[in-house]
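Undergrad: There's a structure below that I have some questions on.
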Amino acid sequence: MSRFFALGLASVAVSVVTSTATAQSWRTLDVARQLTDSAPASVQVVYGTGRIGVRATSNPLLYHMQLRYDATRAQPRHTFDVASRKLQIGMQKSEMRFSGRNDADAGHLQLELSRSAPLDLSLDLGAVESDLDLTGLRISRLHVESGASDAKLRFDSLNATRMSVLEVSLGAASFRGDRLANANARDIRVDAGIGSVELDLGGQWTQDIDLRVDVTLGIVTIHVPSDVGVHVTLDKTLASFDHEGLTERDGGWVSKNWDSAPHKLRVTAETVFGKLSIDKTGR
Amino acid sequence: MRTAILPLILAVAVAPLTARQAAAIQQNPKTAKPAADSAAKVAAPAVAVESTDSGKVQLSKATVDSLTQLVSRYRRDPEAVALPPENQIAMGGRTIPAGTTVAGPVAVAGGPLHVYGTVNGDAIAIGSDVIVHPGARITGNAVSALGTVNLAGGIVGGEIRQLAGALGAVPQAAEAESRAGSTRHALALSSSWLIILVLMAIGVLLFAGDYLDGVVDSLEGRFGRSFWAGIATQLALAPVLCLLVIALAVTILGVLLIPFAIVAFVLAVVGLITLGFLAIARITGESVAPAASKRYSARGAALRALVVGVSIYMGLWVLASAFAWAPVVETVLRGVAVAITWVATTAGLGAAVISRGGTKRSAPTASFAAVNDIPWQTPTPVTGVVAARRPTPSSSGRDR
């Protein structure tokens with residue numbers, strides 16, 4: 001009887017181990033479109049699993065995507081409607097599944113976008129590691145939605161187009177935004193479920209910024225240049241607020257230079273279980 | 001062996017193939033020919049094709065066959081654009097001269113497509129490059145499979161597309177997962193659950209053996225009652241949870257506790273179900289394979305019974321999974337597994353509830369021990385010390 005069970009358990013273990021091997025068909029797709037004019041375009045990027053990078057291209061192209069993917073699990077999409085100037089690019093999200101493999105085996109997408117065309121950029125990301133270097137792009141609106149990811153967003157130089165709104169919506173993620181003042185957006189909104197959010201508002205300030213942060217469970221750190229006045233309105237439940245250098249005034253918290261600062265940051269934060277920190281030393 | 005074809009292609013194409021392109025041509029095992037055979041094909045009657053300078057070059061039949069197979073694979077590729085008919089695909093390359101306009105699609109295989117003029121439509125190169133020279137214009141897409149699209153000053157109105165990697169039809173995930181693969185997956189899943197439950201059984205036996213004994217006692221004594229209690233418990237779960245949430249919601253402090261209460265409730269229910277299932281698995285194991293009392297210790301016998309019982313119940317699921325390649329049989333077996341597992345789990349849950357998680361033992365059945373009446377048949381004195389009371393079954397039960 002014991003031999004029977006030993007054999008049974010061994011066969012089960014073997015079946016579990018062998019079941020991890022599945023058919024794959026890795027392919028590389030490289031698509032681009034020449035830039036014919038600098039009219040505004042709408043770009044919708046959808047990507048579920050893997051690594052994604054977005055940056056500006058120095059070539060006269062509207063877009064250039066390099067995609068490595070497992071063709072048995074996902075279907076690329078790359079459509080551009082010339083009339084409406086709407087680009088849909090990335091992978092069909094509904095067909096993507098977790099592969100359970102490590103990063104070395106994961107797919108990746110590298111997208112380069114035109115520097116000269118104003119872009120309404122929307123990124124719908126799943127469980128991805130993203131590096132969004134939007135330096136040099138002309139972005140009129142930015143929407144980043146991500147499920148479970150490690151996301152980095154940065155603007156190393158001033159966005160030449162005034163951005164109407166910068167929205168970041170995260171599920172369970174680690175998000176870091178660098179030099180966000182260069183985004184040239186008056187309205188910045190960050191909505192996160194669980195995770196850590198680090199916002200560096202360094203860069204070139206051209207206007208006051210309204211920042212709305214809504215984090216359910218997590219740590220929010222906001223780095224602000226020392227010459228920028230800060231006003232924080234906080235709605236917190238079981239959360240802590242590190243308000244060093246801020247004083248309470250009219251139901252909110254303000255920095256000492258609030259009245260005299262050339263540019264102002266108004267933070268409206270809401271957090272349930274978490275911690276909000278304002279770092280006024282700048283970075 | 002396969003490399004024997006490569007020199008033939010290199011001899012034809014003005015722009016030599018890259019190693020990647022050549023490898024792609026070699027991918028198809030049907031193109032593998034013995035060297036002597038390939039050499040013989042060179043001398044064989046060749047097919048006239050258009051070269052890069054629009055002159056005619058000779059390609060061997062073997063080369064044309066391998067290129068035809070590559071074109072066929074490209075046609076099945078999901079990223080391919082529509083090709084012209086087979087006889088309009090230029091094997092070995094083609095040049096669109098300056099000042100000329102050609103209706104697309106224009107396709108080449110095994111040699112470059114030089115565009116100096118205008119292509120009204122798509123320009124496609126399979127196993128080679130598309131070169132868009134200054135002044136050239138392609139109104140559609142410029143596509144290269146296993147090559148590159150070289151923008152050397154011309155204009156492409158459509159998309160510039162380069163494909164690399166496995167060329168051809170790609171089965172999607174659902175199709176790719178063969179019947180054997182799906183069977184393997186189903187087996188792995190059910191087997192994993194079997195292993196998890198066996199490990200849980202060992203853990204429960206080691207750390208909560210007394211509670212398990214309590215549930216087993218309850219099941220052995222009142223199986224029917226346990227089953228009905230299990231059904232009642234299942235029906236009551238949702239209302240009880242609602243009442244719990246409402247009760248907490250009416251107080252300010254309680255509102256904050258609602259998430260924790262829900263988690264605690266779910267954990268408690270899962271714990272009771274697991275305890276009950278393991279109890280009934282143990283009883284089943286003891287019934288199916290009773291252990292010889294001398295061979296095993298009490299704990300060893302209990303472990304053996306648990307492993308046997310869990311294996312029996314989960315074995316039904318493993319068996320159903322083994323027939324994943326036959327959907328009808330799998331459905332029937334899975335239905336049987338669901339029914340049996342539900343009955344077992346329901347009875348186990350009921351027993352766990354009745355025994356309060358194994359903490360309350362059922363009252364032992366009154367035993368009618370044989371009583372030796374003879375010592376008690378002494379005459380009782382009319383006066384004096386009262387004789388000791390004779391033990392009766394009911395009094396024995398009370399004394400315990």
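The values are calculated or read from the model by the stated rules, or taken from the named source; none is laboratory data. All figures in this text were calculated on a predicted structure; none of them were measured in a lab. Here the Cβ is made from the backbone with ideal geometry for all residues, glycine too, and neighbour counts use every protein chain on show. Side chains are part of the model used for accessible areas, which takes the heavy atoms of the whole protein and leaves out ligands, DNA and RNA. Shrake-Rupley method; radii C 1.70, N 1.55, O 1.52, S 1.80 Å.
Undergrad: Of B:ASP77, B:ASP65, which residue is within 14 Å of chain A (Cβ to nearest Cβ) and modelled with pLDDT under 90?
TA: B:ASP77
Undergrad: A further question follows. When only residues in segment A:130-166 that are crowded, with 18+ Cβ neighbours inside 10 Å and under 9 Å from the mean Cα position of the chain (by Cα) count, which is nearest to A:LEU67 (Cα to Cα)?
TA: Restricting to residues being crowded, with 18+ Cβ neighbours inside 10 Å and under 9 Å from the mean Cα position of the chain (by Cα), the top hit is A:SER130.
Undergrad: So, of the residues in segment A:17-56 that are surrounded by 18 or more Cβ atoms within 10 Å (Cβ to Cβ), facing chain B (nearest Cβ under 7 Å) and modelled with pLDDT under 90, which turns out to be farthest from B:HIS185 (Cα to Cα)?
TA: Restricting to residues being surrounded by 18 or more Cβ atoms within 10 Å (Cβ to Cβ), facing chain B (nearest Cβ under 7 Å) and modelled with pLDDT under 90, the top hit is A:ARG27.
Undergrad: Take the conditions open to solvent by 70 Å² or more (accessible area, probe 1.4 Å), at pLDDT 85 or above and within 13 Å of chain A (Cβ to nearest Cβ) and apply them to B:ILE202. Does it pass?
TA: In short, no.
Let's see how each residue does on (1) free of Cβ contacts under 8 Å to residues at least 60 places away in the same chain; (2) under 20 Å from B:GLN234 (Cα atoms); (3) not acidic (Asp, Glu):
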site	(1), (2), (3)
B:LEU316	yes, no, yes
B:LEU319	yes, no, yes
B:PRO327	yes, no, yes
B:VAL336	yes, no, yes
B:ALA339	yes, yes, yes
B:THR346	no, yes, yes
B:SER355	no, yes, yes
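Undergrad: Just checking, how many residues over segment B:110-166 are assigned to a strand (DSSP E or B), more than 12 Å from every other protein chain (Cβ to nearest Cβ) and within 41 Å of the chain's Cα centre (by Cα)?
TA: Adding up the residues that qualify gives 3.
Undergrad: Of these, B:ALA268, B:ALA249, which one is under 31 Å from the mean Cα position of the chain (by Cα) and open to solvent by less than 70 Å² (accessible area, probe 1.4 Å)?
TA: B:ALA268
Undergrad: Filter segment A:74-92 down to the residues that are of a type outside the set (S, T, N, Q) and without any contact (Cβ under 8 Å) to a residue 40 or more places away in the chain, then identify the one that is surrounded by the fewest Cβ atoms within 10 Å (Cβ to Cβ).
TA: A:ALA83
Undergrad: I've got another one for you. Looking at segment B:271-287, is at least one residue open to solvent by less than 50 Å² (accessible area, probe 1.4 Å), touching a residue at least 12 places away in the same chain (Cβ under 8 Å) and either over 36 Å from the mean Cα position of the chain (by Cα) or more than 30 Å from B:ALA301 (Cα to Cα) (or both)?
TA: No: zero hits.
Undergrad: Give the residue that is farthest from the other protein chains (Cβ to nearest Cβ), with candidates limited to residues of segment B:309-329 that are open to solvent by 40 Å² or more (accessible area, probe 1.4 Å) and part of a helix (DSSP H, G or I).
TA: Going through the qualifying residues, I end up with B:VAL328.
Undergrad: Restricting to strands (runs of 3 or more DSSP E) lying wholly in segment A:200-283: which have 2 or more residues that are under 24 Å from A:GLY171 (Cα atoms) and more than 14 Å from every other protein chain (Cβ to nearest Cβ)?
TA: So the answer is A:209-223, A:228-236, A:239-242, A:263-279.
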